Amino acid sequence: MEFRLYLMMLRRGWWTIVLTTLIALAVALGVSYLATPQYTAVARFIVGPSTDLVNGSEVISSLNTLDSQSVMSTYAEIMNSNRIFNDTLAFLQASPEQLKHYSYSATVVTNSSVLELSVTGPDPQFAATIANAIGYQTINFTRGLNQVYTVEFLDTATPPDLPSSPKPLLNSILGVVLGLVTGAILSIAIEQLRIPLEVFRQWLQVDNITGVYNSRYFSRLVEDEIAQHPNDVFSIAIVELSGLRDLVETFPIPALQRVFQSVTDTLRRELRGNDVIGRWNETSFIVMLPNTPGAAANSIFIRIFQTLSRPIALREFDLNVHLDARIGGAEYSNNISSQELFEKINNALEEARRATGDPVYIWEIKNPFWSRSLLDEK
């Protein structure tokens, strides 16, 4: 389940992954082509018993000691030392400033008596010269230490033809891989940040008991509808549940939630998919019917009233709740303001409250009195 969720996040954030990968690729190529090429010259040396050893036992002893690699590590440290570096500067008649862009390192080739010296810098010819000079100075210095081992050139350094870095192809591949990984991480992080923000935004818009819009957000929707479609016709009505007025403060919260959820389900069943439902206050809902004139809205709200007239059975409390619904609404037309519209709705609701036989009133612009309820015809 989590894997599918992450895949969904990656699909939503595909543009982040693509953008990050392109940026990483551009940076890798830019660094590759703008960086100064570096060349690595390599010299190899072999360490072995001195030819001055004539006694066979001395030769065997020196070979056994050489196998322990401690001698090889010692010679590698000598080659890396400041003493050899300073001797090399003097030999080349160069200053430290001339070698500041060059680096060198001597290592022991695994399971062998061979040393490898690598010198890296911007000039291949000078890098090879430095490598050979360090080699000569190491050989001269070690000859004065003892007569047991000698260091000799196995391969002298030659100027390399190709730079060791940068490598545009390798850098591009690494850039793409890094961009894909970074983009995937970013897309998942963005989705995880966005989801709580959407939840919080919905929490600000939705009534936490019924799951429909709260009154503040519903009012904003009406204002937006009037601003964006001033010439359209739509109807709004408040569905007041008078029977709950005395129960709100005394009824158990779970029971109230059951009642409000039942009312919400009824409204959703009776309305169309594009109709909008909101919780207006503690005991009332509000409904907006887009593209619906007052007469058509009146028929819809009469049907809703008839459904809400049936009591809601709460078996666990051995109680039937009578909602005693009252519905008052108005038709929007002729560019009236939202304030005028809600005034008409409230006036219609007042008429519905006072009515004894007809609790559904819908105000229409063409009929400034009241749209006759179909209940009067029955």
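All of the numbers you see were taken from the coordinates with simple rules; none came from a lab. Remember, predicted model here, so these are calculated numbers, not experimental data. Cβ placement follows ideal geometry from the backbone for every residue including glycine, while neighbour counts extend to all protein chains displayed.
Here are the numbers:
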item: The chain, helix-only ellipticity at 222 nm - DSSP H runs n ≥ 4, -39,500 (n - 2.57), divided by all residues, nearest 500; result: -16500 deg cm²/dmol
item: N140 paired with N291, simple spin-label distance in nm, labels 7 Å along Cα-to-beta-carbon; result: 9.7 nm
item: Note, ³J(HN,Hα) from phi for region 89-99, Karplus 6.51, -1.76, 1.60, rounded to Hz, x at Gly and Pro; result: 4, 5, 5, 7, 6, 10, 9, x, 5, 5, 9
item: The chain: most fluctuating residue of V27, V222, V71 per GNM, C-alpha cutoff 10 Å; result: V71
item: With Cα atoms, 0 to 90° folded angle of helix 124-143 axis to the chain main axis; result: 50 degrees
item: Considering only region 209-377, percent of DSSP beta bridges that pair antiparallel, nearest 5; result: 80 percent
item: Label selected from (1) 28, 56, 16, 0; (2) 20, 24, 16, 11, 19, 9, 1; (3) 20, 39, 30, 10, 1, 0, the criterion being P(r) over Cα pairs in 20 Å bins from 0, in percent as computed here; result: (2)
item: Relative exposure of W14, W280, judged by other C-beta atoms within 10 Å (fewest first); result: W14, W280
item: J(HN,Hα) series, region 149-165, from Karplus relation 6.51 cos²θ - 1.76 cosθ + 1.60, nearest Hz, glycine and proline x; result: 10, 10, 10, 9, 5, 9, 9, 6, 6, 10, x, x, 7, 10, x, 7, 7
item: Spacing of the two label points (7 Å from each Cα toward its C-beta) at R245 and V176, in nm; result: 7.3 nm
item: Approximate spin-label separation K100-I365, in nm, with each point projected 7 Å along Cα-to-Cβ; result: 8.2 nm
item: Net length gained if the chain between L7 and T107 were fully extended (0.36 nm per residue, minus Cα distance); result: 31.3 nm
item: The chain - percent relative contact order, Cα under 8 Å, separation 6 or more; result: 17 percent
item: Gain in span if fully extended, N346 to N208, counting 0.36 nm per residue against the direct Cα distance; result: 47.2 nm
item: Helix axis angle, 338-354 relative to the chain longest principal axis, alpha carbon, degrees; result: 50 degrees
item: Amide H partners (placed H, <5 Å) of S165, local residues excluded; result: Q38
item: Trypsin sites (Lys or Arg not before Pro) within region 256-316, DSSP loop, no more than 15 other Cβ atoms inside 10 Å; result: R272
item: C-alpha long axis of helix 253-270 to longest principal axis of the chain, angle in °; result: 80 degrees
item: Three-way shape label, region 131-179, alpha-carbon gyration tensor, a/c 1.5; result: prolate
item: Within the chain, longest stretch clear of exposed GluC sites (Glu not before Pro) (DSSP loop, no more than 14 other Cβ within 10 Å); result: 1-248
item: Neighbour-count order for V47, V248, fewest beta carbons within 10 angstrom listed first; result: V248, V47
item: Model label zone, E282; criterion: amide N under 12 Å from point 7 Å along Cα-to-beta-carbon; scope region 238-266; result: 244-251
item: Residue list for region 226-261, given a label point 7 angstrom along the Cα-to-Cβ vector of F317 and an amide N cut-off under 14 Å; result: 243-261
item: Debye, to nearest 20: dipole size of the chain, +1 on Lys, Arg Cβ, -1 on Asp, Glu Cβ; result: 640 debye
